[in-house]
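See below for the structure under consideration.
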Amino acid sequence: MHHFEKALIAQCAPTLAGLKTANLFRHVFAGNTACARHTVRRYNAILKGKGLALLLLRQSAASCLVLVYRPALLRRDLRRPESIALLREGGYLRPENMHAALRELCRRIRCGQGFPHEVGLFLGYPIADVRGFIRHNGRGYCLCGCWKVYQNPEEAKRTFYEGIALGCPAMGAEELEDTEFLPMYESIKDALQ
């Protein structure tokens, strides 16, 4: 199995299984940016029929940042009035249009002026927690797991531990051995939509 594929499955299992709108993951392509673009295009072709898409958000000589998402879920999330309002407040011109919003997110990530905190909306985090993170600059949260929680910590705990923690970068970025990875993959592959 290709190293990119292992990283994709290990870091993005909740999205692959349909439990989450999107995941971000960083991957090293040993300085080969053409290889990164080719790999993302290849996996897009493979996963499109399963309702998944990959977007190369940023790349450098050392690594790339990839967004793996379910377009149907992301469209739904971005069309919520609260999401539209938050993104408009943040300067997005057409936040209800998924492609326009993704282009703006890419632009913000690539400009290198800090990481845009509204990315939580694209990842399917609760709007109240995204607003809380922006308002409090990442401080003053009541719970930290796969994201920083500002409201409804009990509900967030259930979300963290009833499936989302698998593939969550906050839960650790250790390399899975084949003896761990293959059984995990086998257990979720039928859930891939």
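The values are calculated or read from the model by the stated rules, or taken from the named source; none is laboratory data. Here the structure is a predicted model, which means the values were calculated and not measured. Quick reminder, even Gly has a Cβ in these numbers, built from the backbone with ideal geometry, and neighbours come from all protein chains shown.
Could you please let me know if Leu67 is aliphatic (A, V, I, L, M), in a helix (DSSP H, G or I), within 18 Å of Phe122 (Cβ to Cβ) and in contact (Cβ under 8 Å) with a residue 24 or more places away in the chain?
No: the conditions fail for Leu67.
Quick one: Leu93 ticks every box in (1) closer than 29 Å to Phe29 by Cβ; (2) over 18 Å from the mean Cα position of the chain (by Cα); (3) among the hydrophobic types (A, V, I, L, M, F, W, C) except a single one, so which number is it?
If we test Leu93 against (1) closer than 29 Å to Phe29 by Cβ; (2) over 18 Å from the mean Cα position of the chain (by Cα); (3) among the hydrophobic types (A, V, I, L, M, F, W, C), just (1) comes out false.
Being of a type in the set (A, V, I, L, M, F, W, C), in a helix (DSSP H, G or I) and within 24 Å of Gly112 (Cβ to Cβ) is the filter here; which residues of the stretch 13-58 pass it? First the steps, then the outcome.
First, pick out the residues of the stretch 13-58 that are of a type in the set (A, V, I, L, M, F, W, C): 13, 16-17, 19, 22, 24-25, 28-30, 34-36, 40, 45-47, 52-57.
When the remaining residues are screened for being in a helix (DSSP H, G or I), the result is 13, 16, 34-36, 40, 45-47.
Scanning the stretch 13-58 gives Ala34, Cys35, Ala36, Val40.
Tell me the residue from Ala45, Ala100 that is surrounded by fewer than 19 Cβ atoms within 10 Å (Cβ to Cβ) and farther than 25 Å from Leu121 by Cβ, please.
From the options Ala45, Ala100, the qualifying one is Ala45.
Would you please name the residue that is modelled with the highest pLDDT, looking only at residues in the stretch 4-24 that are surrounded by fewer than 21 Cβ atoms within 10 Å (Cβ to Cβ) and closer than 16 Å to Trp147 by Cα?
Leu24
What's the number of the condition Ser83 fails, among (1) under 22 Å from Ile134 (Cα atoms); (2) under 13 Å from the mean Cα position of the chain (by Cα)?
It is condition (2) that Ser83 fails.
Which ranges mark the helices (runs of 4 or more DSSP H) fully within the stretch 89-193 that have 1 or more residues being basic (Lys, Arg) and at pLDDT below 90? Before you say what the answer is, go through the steps one by one.
Details: elements: 98-110, 119-122, 127-135, 153-159, 178-188.
Counting at least 1 such residues, we get 153-159.
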